[in-house]
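So the structure is just underneath, and the comments pick up after that.
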Amino acid sequence: MSKNETTTEPVAEKPIGSPEAFADAAECLKTLAHPVRLRMVQLLLFGRYTVGEIAKDCGIPDNVASDHLRLMQRCGFFTSEREGRRVYYRVAEPHLASLMNCIESKFLPEASKNAG
């Protein structure tokens, strides 16, 4: 092949999407990007909890926990249900489990050791 000849390699297809298409995802990921909220996700992946239970586990006041939960609920991550005077939160977005798995294996390596 001479210097002036070029080879044409097959071009791999690009994934669909654009920066604009990821705007909602970016907003929700920003919402997740908080240590207390990540702990809330981790906790709620194991079951349903009240605001008070979540607040106690996270070491924050109930009203602060409520604010965090409301933000997460707005992104569709959590849902709530009232039983009498108590409101229970649970995970509504099943993909959070995969995301939390990734985060735990990267930042909590001891968690993956204990899981195996």
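Things to note:
- Neighbours by Cβ (under 6 Å, 6+ apart or cross-chain): first from the stretch 90-110, free of Cβ contacts under 8 Å to residues at least 40 places away in the same chain; second among the hydrophobic types (A, V, I, L, M, F, W, C) and outside any loop (DSSP other than H, G, I, E, B): Ala92/Phe78
- Residue in the stretch 43-76 that is surrounded by the fewest Cβ atoms within 10 Å (Cβ to Cβ), counting only those that are under 21 Å from Asn101 (Cβ atoms) and hydrophobic (A, V, I, L, M, F, W, C): Phe46
- Selection status of Pro10, farther than 26 Å from Asn101 by Cα, part of a loop (DSSP other than H, G, I, E, B) and not basic (Lys, Arg): yes
- A Cβ distance below 6 Å, combined with a sequence gap of six or more or placement on separate chains, defines the contacts here; from the stretch 24-48, residues that are more than 15 Å from Gln73 (Cβ to Cβ) reach residues that are at pLDDT 95 or above and not in a helix (DSSP H, G or I) in the pairs Leu45/Val91.
- Test: residue in the stretch 69-92 that is more than 18 Å from the chain's Cα centre (by Cα), of a type outside the set (A, V, I, L, M) and part of a helix (DSSP H, G or I): no
- Considering each residue of the stretch 77-84 in turn, none proves to be farther than 19 Å from Cys28 by Cβ and surrounded by 14 or more Cβ atoms within 10 Å (Cβ to Cβ).
The values are calculated or read from the model by the stated rules, or taken from the named source; none is laboratory data. Everything quoted here is computed from the prediction, not taken from an experiment. Positions of Cβ are backbone-derived with ideal geometry, glycine not excepted, and every protein chain shown enters the neighbour counts.
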